[in-house]
Ligand code: AMP
Ligand code: MG
């Protein structure tokens, strides 16, 4: 089999996944989920014309000539209904959100008024009709679709859902995900330190990557490089919607993952991708007799490779199953701080930190880019994507950097105030 390009492999993954069913959840649990149905407004908001300010409801005609003194006929608080009509020469004290009384057609802010000793109020300037009034239905109209199916639920969306009284809502289901590490050399997190062993980092890095998407995965543990033991673990893993196996997917004689999943009925879609780090990466699909599917990612054992493959492929699959319309992490353009050596033929992902100057982002390597150098992944804000036809990148070159989770924060913002 040929080496697939990263984009061809991404397409192949996406052809094998789709949103996977819906469920009804409480609003309090909805952050990060995706709406599976349109949501409509169940009333006009505001429900009537209301004041946008604390101030006075006036007849604009009374103020047309400039300075005027008006009698206050009523005090209208938010939640009150006005009981009087504002006549010529009159006004009503009104609070933000309170209904504008009959007769009034403008609101003047309290800061632009002067209350006189006799209780009347002086206004010094004209107020155009409609000033500081929010019209009925201006925010949303009864029956209108305010949120379309496919909308990702952010805090702002939660606010809208609460506004239209969606205490329960229908969202796409989250995939059930299992994670398995493989290798005789691996040492579990609770096992005593053995200097001849390698600590299992992948189970936990992958766990965290999945958790960051709002999914709680199951850790299956560590399978030895033994076909019988591996088959037992893989059988268990194939009961999930998505199975992530790290290690053992290469072509070494003890790399049993691929033949074993194939023997269990998984159809391999690809197992070679032209990327660095990241190869070998295998992807396959098990179609169960009941029509449901398990997707298996055979990720490289090297911890950075496994994490990068997660970012480029697994993430797309999980987000697609969750119903997200936008699947890819955001990329930004950055100026490269130093040259990067590379040979053409593979898309390279370089771990970088991002800083800013007046001209924009600057990308700087986090150091050792070996596929086992997890520390340089831990420091990274993003992955610089070096195209496969490149012979190397020069200092100052404009490159594309894909954010890693958690990189959307910065030290400070230079507000111009
Ligand atoms: P493999 O893909 O099984 O050939 O493994 C490639 C390299 O990754 C080897 O050096 C392994 O020791 C290492 N490795 C495999 N699995 C893990 C893991 N779960 N955690 C840390 N390192 C691993
Ligand atoms: Mg191995």
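Each value in this text was obtained by applying a stated rule to the coordinates, not by laboratory testing. Worth saying up front: this structure is predicted, and the values here are computed from it rather than measured. Cβ placement follows ideal geometry from the backbone for every residue including glycine, while neighbour counts extend to all protein chains displayed.
Below are the figures for this structure:
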{"read-out": "R0 of 41 Å, Cβ-Cβ distance residue 410-residue 75: FRET efficiency to nearest 0.05", "value": "0.30"}
{"read-out": "Residue among 355, 305, 113 with the largest mean-square fluctuation in a Gaussian network model of the chain, springs linking Cα atoms under 10 Å", "value": "113"}
{"read-out": "Two-decimal Rg/Rh across the stretch 331-403, once Rg and the Kirkwood Rh are taken from alpha-carbon atoms", "value": "0.94"}
{"read-out": "Estimated Rh, the stretch 1-145: Kirkwood, alpha-carbon pairs, angstrom", "value": "18.9 Å"}
{"read-out": "Pairwise Cα inverse-distance average, inverted: Kirkwood Rh of the stretch 164-243 (Å)", "value": "14.5 Å"}
{"read-out": "Value of Rg/Rh across the stretch 200-282 [Cα atoms, Kirkwood radius]", "value": "0.95"}
{"read-out": "Rounded to 5, the percent of DSSP beta bridges in the chain classed as antiparallel", "value": "65 percent"}
{"read-out": "Sorted by Cβ neighbour density within 10 Å, fewest at the top, the residues 275, 53", "value": "53, 275"}
{"read-out": "Surface/4 of the Cα convex hull for the stretch 256-411, nm²", "value": "10.7 nm²"}
{"read-out": "Mean-position separation - Cα centroids, the stretch 318-381 and the stretch 1-36, in angstrom", "value": "22 Å"}
{"read-out": "Å³ per residue enclosed by the Cα convex hull of the stretch 160-310", "value": "150 Å³"}
{"read-out": "Counting DSSP beta bridges with both ends in the stretch 331-403, the antiparallel % (nearest 5)", "value": "90 percent"}
{"read-out": "Helix-only mean residue ellipticity at 222 nm for the chain, each DSSP H run of n ≥ 4 adding -39500 (n - 2.57), per residue, nearest 500", "value": "-4500 deg cm²/dmol"}
{"read-out": "nm² value of the averaged projected area, convex hull over the Cα atoms of the chain", "value": "28.7 nm²"}
{"read-out": "The stretch 58-103 and the stretch 219-239: distance between their alpha carbon centers, rounded to Å", "value": "75 Å"}
{"read-out": "At 1.306 mPa s and 10 °C, Stokes diffusion of the stretch 50-134 via Kirkwood alpha-carbon radius, µm² per second", "value": "131 µm²/s"}
{"read-out": "Ranked 60, 320, 370, criterion: other C-beta atoms within 10 Å, fewest first", "value": "370, 60, 320"}
{"read-out": "q = 0.22 Å⁻¹: log10 I(q)/I(0) that the Debye formula gives for the stretch 86-192, counting C-alpha atoms only", "value": "-1.24"}
{"read-out": "Enclosed volume per residue, in Å³, of the convex hull spanned by Cα atoms of the stretch 278-355", "value": "140 Å³"}
{"read-out": "Exposure proxy ranking, count of Cβ atoms within 10 Å, fewest first, for 215, 153, 189, 413", "value": "413, 189, 215, 153"}
